[in-house]
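K.L.:
Below you'll find the structure I mean.
The values are calculated or read from the model by the stated rules, or taken from the named source; none is laboratory data. Please read these numbers as outputs of a predicted model, since none were measured by experiment. Cβ sites come from the backbone with ideal geometry, for glycine too, and all protein chains shown count toward neighbours.
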Protein chains: 2
Amino acid sequence: MAAKTAITPTRNDDYPEWYQQVVKAADMAENSVVRGCMVIKPWGYALWENMQRVLDRKFKATGHVNAYFPLLIPLSFLEKEATHVEGFAKECAVVTHHRLEAKPGGGLQPAGELDEPFIIRPTSETIIGASYAKWVQSYRDLPILINQWANVMRWEMRTRLFLRTTEFLWQEGHTVHATAAEAVEETRRMLDIYADFAEHYMAMPVIKGEKTPDERFPGAVDTYTIESMMQDRKALQSGTSHFLGQNFAAASGIKFLNKEGVEETAWTTSWGVSTRLIGGLIMTHSDDDGLVLPPRLAPWHAVILPIYRNDDERETVLAFCRALKAELSEQMYAGQELQVQIDDRDLRGGEKAWQHIKKGVPLRLEIGPRDVASGSICVLRRDQDVKAKTFTPRAELIAGITKTLDEMQDNLLAKAKAHREAHTKKIDTYAEFVAFFTAKNEQKPEIHGGFALAHWSEGDDVLAKLKELKVTARCIPLDGPKEAGTCIFSGRPSQQRVIFAKSY
Amino acid sequence: MAAKTAITPTRNDDYPEWYQQVVKAADMAENSVVRGCMVIKPWGYALWENMQRVLDRKFKATGHVNAYFPLLIPLSFLEKEATHVEGFAKECAVVTHHRLEAKPGGGLQPAGELDEPFIIRPTSETIIGASYAKWVQSYRDLPILINQWANVMRWEMRTRLFLRTTEFLWQEGHTVHATAAEAVEETRRMLDIYADFAEHYMAMPVIKGEKTPDERFPGAVDTYTIESMMQDRKALQSGTSHFLGQNFAAASGIKFLNKEGVEETAWTTSWGVSTRLIGGLIMTHSDDDGLVLPPRLAPWHAVILPIYRNDDERETVLAFCRALKAELSEQMYAGQELQVQIDDRDLRGGEKAWQHIKKGVPLRLEIGPRDVASGSICVLRRDQDVKAKTFTPRAELIAGITKTLDEMQDNLLAKAKAHREAHTKKIDTYAEFVAFFTAKNEQKPEIHGGFALAHWSEGDDVLAKLKELKVTARCIPLDGPKEAGTCIFSGRPSQQRVIFAKSY
């Protein structure tokens, strides 16, 4: 019989349901009464705050500043870029009235119909473009390098906490440049920042690549993406950076006089990551006992669990815990003070410990009267067996804690990389491709396949075959070898292998 | 003839227009194409980020955590608290459809009508209450101490940048307690935090007080406020903290089992400050040359302006500037690294200096070849005459800069306090009250009056007289003497003087 786990079902039994249960057990978020919208609870939001802090610093270090643009977009603005509006028309929340009035028979109804409906921003290219058109006159006004932290709304039909919700939080960078080359450089720079953040903070390995034409952002010339593999071997598009060419600049009228005094249309980019990253983080590291957090983003790095049987012991133990917490909290880790909390709630020890395991707190420090006497601390690491204790002298713990956390961080990244490598396969025939993406077990259709590296070509015939298998081209890897070959779907020539996967 | 000022008109000539011009000259915000919504530009947003950082720390230091709740509120939720919905019905943005479809004849129109309309949150008591009702079961679950940073929307008819906009950014704290006493304590604690922030960071003196019944938040039992006086002597309600009693808890069903196992209805509070504070900050300190920023919140503390005539000089001067910047930036000020920038743009020196004056940068450091040679720096302070230079040896500047900034901060607060005191008057007759609030000069109706401390009583007759004068009771001061008297409007007995003013 398998060992009992804190999360039921396990990953192997029912991966999608395991995910929901991990989110619930860690108290990160829940569905709200508003269809498809989530409530991000304090533990989930604290993780988002840490992500924001790190990303925001990286944006600022590369010359970007923050600003804020309106939530509402006039319908006519969205219509300016044809591909763009087509991409978003089916998922727009529309504001049509600006007040409420008494309804005959009781209650209230919308009143004050607007001359022109507004859309709650699904993304802000068009409304920000309207401002940029006013701000940019001369080449001296360029580049514009602005980011916005905001909520956006896309009326999704099938939603899942963090991964796909009607409302989500994100950042959207919007930049304007004098030349195509500069805009492309910006697009790639931000992709690199996302990849660096994913690997070094989320401990989530990613593949940087270019989207195939059918997977581009509506209105973009090129969309770059970072793709990561979840534990069920599906891909998660974790961040995108778009080279918009002159499409949106032309639609919004962003023009400038160049050094020669000649008017030119500008070049723009946009790039974003969202609370979806939290879903990716959960699915990359968590196990059958709940959430596992990469230490560099964990809201708490360590929790101290005092153990005592009476008031006398309580005083001694708590005094020791408080002093330990104070000393640990003086240290810096991942750009902020080490976050240590004492959990002295009146709860059974086992129940309390399991709460922190399920929440993914990296280190648990158990301290009882004997530990106080011996000056050693019982340390339990979330990346190891839940019962594996090591007793560490106080001074050693204090001196080594950030090294331990970094070691855990590195382990998580290495483990995720090994998982991805184990399930990435070069595939050279269509039959092999079909077999790779066909579940071996009808009872557990979720966990199979992985990333297939296969030769490919553009064409509706290719897309149709992929659609049938519910597989998509995730990206043309930027770092992949530029080896030519034959498209396994059509027999047409191929310049390079593409990564295919089932995806979120 | 008066000296030429950077802002036209001056405060004295046309205060409201002066305000708009200060915002524009400092490049802080502008009106958007979306009626009543503003674009917060990078300089304005950086100020908001600093405010957020300081406030967020204070909230967390008092045990609060952040979370995020949905943007949309079902109409039926808003209807649950009768006074509440009445207060907001006239200014609700209503979402009625969830997609767009092709319109006969071209273009798009709303489609997919929702069964129940949603309101874009004007405030979140009802939607957050729905979550709290699920989260709270037992007295052990209390208190709940949560804050949310979010955008909200109130469809205002007359808007003004920062002070009153259809969409604005704010934080809203929502807490739940087991007893009325605890909830009142929380309400007052947060009011104190707001007052402390206003005085010690914004350098904006405030009066803490209780709102009179007609000025309460819709649905609150008690509303506490911080009121500040602008340079035109009008009051600005700068932050509010509401004791909601059991009104919202009863409407949302927030109940708990007490220690005796008996079900009780909980007690709630809510409290918020918004981007309106930025308007208050501008109107408190700025002068006829533009924005003046309190150093503790300034996005940049100092700007270095290199001056040179040729490439040789340029290299020498810039090397000196960079080294100075590096050394200054190592220091901490107001909880973050000292923010120093070098402005080496190719612009006339005068024009460049004036840009920073209009943006309110506290210190300008002018450095030319002679200063490099002598090792002294030309320092210009924004709180002094724009041309008042002092030459300070490099080492002295570095050692004393944070002291100088604090001195400027203190000066701003002292000046604002003196202004308020000069225009606050005890008034004991209705005739005197009318005279106080009647403009002496028809051409400049804005700048007159101030805060009147007068005896008062509840009653429609009193409200009618106030309405005629366009004056409102701002608050019953918490720190005021509890001296009884006679209402100057009705002759009825009064327990205490109330502050009256014209207001934003």
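K.L.:
Does any residue of the stretch B:306-328 turn out to be touching a His at 6+ places or on another chain (Cβ under 6 Å) and farther than 17 Å from residue B:23 by Cα?
P.N.:
No, because not a single residue in the stretch B:306-328 is touching a His at 6+ places or on another chain (Cβ under 6 Å) and farther than 17 Å from residue B:23 by Cα.
K.L.:
Further question: Taking the stated definitions as given, is residue A:428 touching a residue at least 60 places away in the same chain (Cβ under 8 Å), of a type outside the set (S, T, N, Q) and assigned by TED's automatic domain parsing to the domain that holds residue A:489? Before you say what the answer is, go through the steps one by one.
P.N.:
Values: touching a residue at least 60 places away in the same chain (Cβ under 8 Å): yes; of a type outside the set (S, T, N, Q): yes; assigned by TED's automatic domain parsing to the domain that holds residue A:489: yes.
Answer is yes for this residue.
K.L.:
For the stretch A:5-64, give me the residue count where each residue is without any contact (Cβ under 8 Å) to a residue 24 or more places away in the chain, in contact with a helix residue (DSSP H, G or I) (Cβ under 6 Å, 6 or more places away or on another chain) and not assigned by TED's automatic domain parsing to the domain that holds residue A:202.
P.N.:
1
K.L.:
While we're on this one: Looking only at the stretch B:28-51, which residues are over 15 Å from residue B:276 (Cα atoms) and in contact with a Pro (Cβ under 8 Å, 6 or more places away or on another chain)?
P.N.:
Residues satisfying the conditions are B:32, B:33, B:34, B:43.
K.L.:
What about residue A:278, is it in contact (Cβ under 8 Å) with a residue 40 or more places away in the chain and either closer than 23 Å to residue A:419 by Cα or acidic (Asp, Glu) (or both)?
P.N.:
yes
K.L.:
Looking at the structure I just gave you, is residue B:6 surrounded by 21 or more Cβ atoms within 10 Å (Cβ to Cβ), touching a strand residue (DSSP E or B) at 6+ places or on another chain (Cβ under 9 Å) and among the hydrophobic types (A, V, I, L, M, F, W, C)?
P.N.:
Spelling it out, it is not the case that residue B:6 is surrounded by 21 or more Cβ atoms within 10 Å (Cβ to Cβ), touching a strand residue (DSSP E or B) at 6+ places or on another chain (Cβ under 9 Å) and among the hydrophobic types (A, V, I, L, M, F, W, C).
K.L.:
Of the conditions (1) more than 8 Å from chain A (Cβ to nearest Cβ); (2) of a type outside the set (A, V, I, L, M); (3) free of Cβ contacts under 8 Å to residues at least 12 places away in the same chain, residue B:101 satisfies every one except a single condition; which number is it?
P.N.:
Unmet condition: (1).
K.L.:
Evaluate the following for residue B:122: is it within 9 Å of another protein chain (Cβ to nearest Cβ), under 20 Å from residue A:96 (Cα atoms) and in a loop (DSSP other than H, G, I, E, B)?
P.N.:
Values: within 9 Å of another protein chain (Cβ to nearest Cβ): no; under 20 Å from residue A:96 (Cα atoms): yes; in a loop (DSSP other than H, G, I, E, B): yes.
The answer is no for residue B:122.
K.L.:
Answer yes if at least one residue in the stretch B:232-247 is closer than 19 Å to residue B:130 by Cβ, crowded, with 24+ Cβ neighbours inside 10 Å and in contact with a strand residue (DSSP E or B) (Cβ under 8 Å, 6 or more places away or on another chain), and no otherwise.
P.N.:
Our first condition is that a residue be closer than 19 Å to residue B:130 by Cβ; within the stretch B:232-247, this holds for B:242, B:244-247.
After this cut, where a residue has to be crowded, with 24+ Cβ neighbours inside 10 Å as well, the list is B:242, B:244.
Okay, now just the ones that are also in contact with a strand residue (DSSP E or B) (Cβ under 8 Å, 6 or more places away or on another chain), so B:242, B:244.
Scanning the stretch B:232-247 turns up at least one residue that is closer than 19 Å to residue B:130 by Cβ, crowded, with 24+ Cβ neighbours inside 10 Å and in contact with a strand residue (DSSP E or B) (Cβ under 8 Å, 6 or more places away or on another chain).
K.L.:
Let me ask you something else. Counting only residues that are in contact with an Asp or Glu (Cβ under 7 Å, 6 or more places away or on another chain) and either crowded, with 21+ Cβ neighbours inside 10 Å or within 15 Å of residue B:303 (Cβ to Cβ) (or both), how many does the stretch B:360-379 have?
P.N.:
2
K.L.:
Another one. Only one of (1) among the aliphatic types (A, V, I, L, M); (2) surrounded by fewer than 20 Cβ atoms within 10 Å (Cβ to Cβ); (3) within 14 Å of another protein chain (Cβ to nearest Cβ) fails for residue A:181. Which number is that?
P.N.:
Residue A:181 satisfies every listed condition except (3).
Residues checked against (1) surrounded by fewer than 24 Cβ atoms within 10 Å (Cβ to Cβ); (2) at pLDDT below 95; (3) assigned to a helix (DSSP H, G or I); (4) touching a Leu at 6+ places or on another chain (Cβ under 8 Å):
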residue: B:131; (1), (2), (3), (4): yes, no, yes, no
residue: B:134; (1), (2), (3), (4): yes, no, yes, no
residue: B:148; (1), (2), (3), (4): yes, no, no, no
residue: B:151; (1), (2), (3), (4): yes, no, no, yes
residue: B:158; (1), (2), (3), (4): yes, yes, no, no
residue: B:170; (1), (2), (3), (4): yes, no, no, no
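K.L.:
When you look at residue B:108, is it over 29 Å from residue B:27 (Cα atoms), crowded, with 24+ Cβ neighbours inside 10 Å and over 27 Å from the mean Cα position of the chain (by Cα), yes or no? Spell out the reasoning first.
P.N.:
Numbers: over 29 Å from residue B:27 (Cα atoms): yes; crowded, with 24+ Cβ neighbours inside 10 Å: no; over 27 Å from the mean Cα position of the chain (by Cα): yes.
The answer is no for residue B:108.
K.L.:
Residues in the stretch A:49-61: is at least one facing chain B (nearest Cβ under 8 Å) and of a type in the set (A, V, I, L, M)? Outline the logic, then answer.
P.N.:
Filtering the stretch A:49-61 for residues facing chain B (nearest Cβ under 8 Å) gives A:49.
Cutting the leftovers down to of a type in the set (A, V, I, L, M) gives us none.
No, the stretch A:49-61 contains no residue that is facing chain B (nearest Cβ under 8 Å) and of a type in the set (A, V, I, L, M).
K.L.:
Which residue, of B:65, B:23, B:39, B:54, is at pLDDT 95 or above and touching an Asp or Glu at 6+ places or on another chain (Cβ under 6 Å)?
P.N.:
Result: B:39 is the single residue among B:65, B:23, B:39, B:54 that is at pLDDT 95 or above and touching an Asp or Glu at 6+ places or on another chain (Cβ under 6 Å).
K.L.:
Filter the stretch B:348-402 down to residues that are part of a strand (DSSP E or B) and within 25 Å of residue B:290 (Cα to Cα), then give me how many there are.
P.N.:
Counting residues in the stretch B:348-402 that are part of a strand (DSSP E or B) and within 25 Å of residue B:290 (Cα to Cα) gives 13.
K.L.:
Within the set of pairs 6+ apart or on separate chains, which have a first residue in the stretch B:83-95 that is within 8 Å of chain A (Cβ to nearest Cβ), a second that is of a type in the set (Asp, Glu), and C-beta atoms under 8 Å apart?
P.N.:
What qualifies is B:85/B:79; B:89/A:101; B:91/B:156.
K.L.:
Now, a different point. Would you kindly identify the strands (runs of 3 or more DSSP E) lying entirely within the stretch B:208-258 that contain at least 2 residues that are more than 25 Å from residue B:80 (Cα to Cα)? I'd like the intermediate steps shown before the answer.
P.N.:
Details: elements: B:222-229, B:235-243, B:255-257.
Where strands (runs of 3 or more DSSP E) fall fully within the stretch B:208-258 and carry at least 2 residues being more than 25 Å from residue B:80 (Cα to Cα), they are B:222-229, B:235-243.
K.L.:
I've got another one for you. Tell me the residue from B:106, B:112 that is facing chain A (nearest Cβ under 10 Å), without any contact (Cβ under 8 Å) to a residue 24 or more places away in the chain and in contact with a His (Cβ under 7 Å, 6 or more places away or on another chain), please.
P.N.:
B:112
K.L.:
Please enumerate the residues belonging to the stretch A:58-97 that are hydrophobic (A, V, I, L, M, F, W, C), part of a strand (DSSP E or B) and closer than 30 Å to residue B:339 by Cα.
P.N.:
A:65
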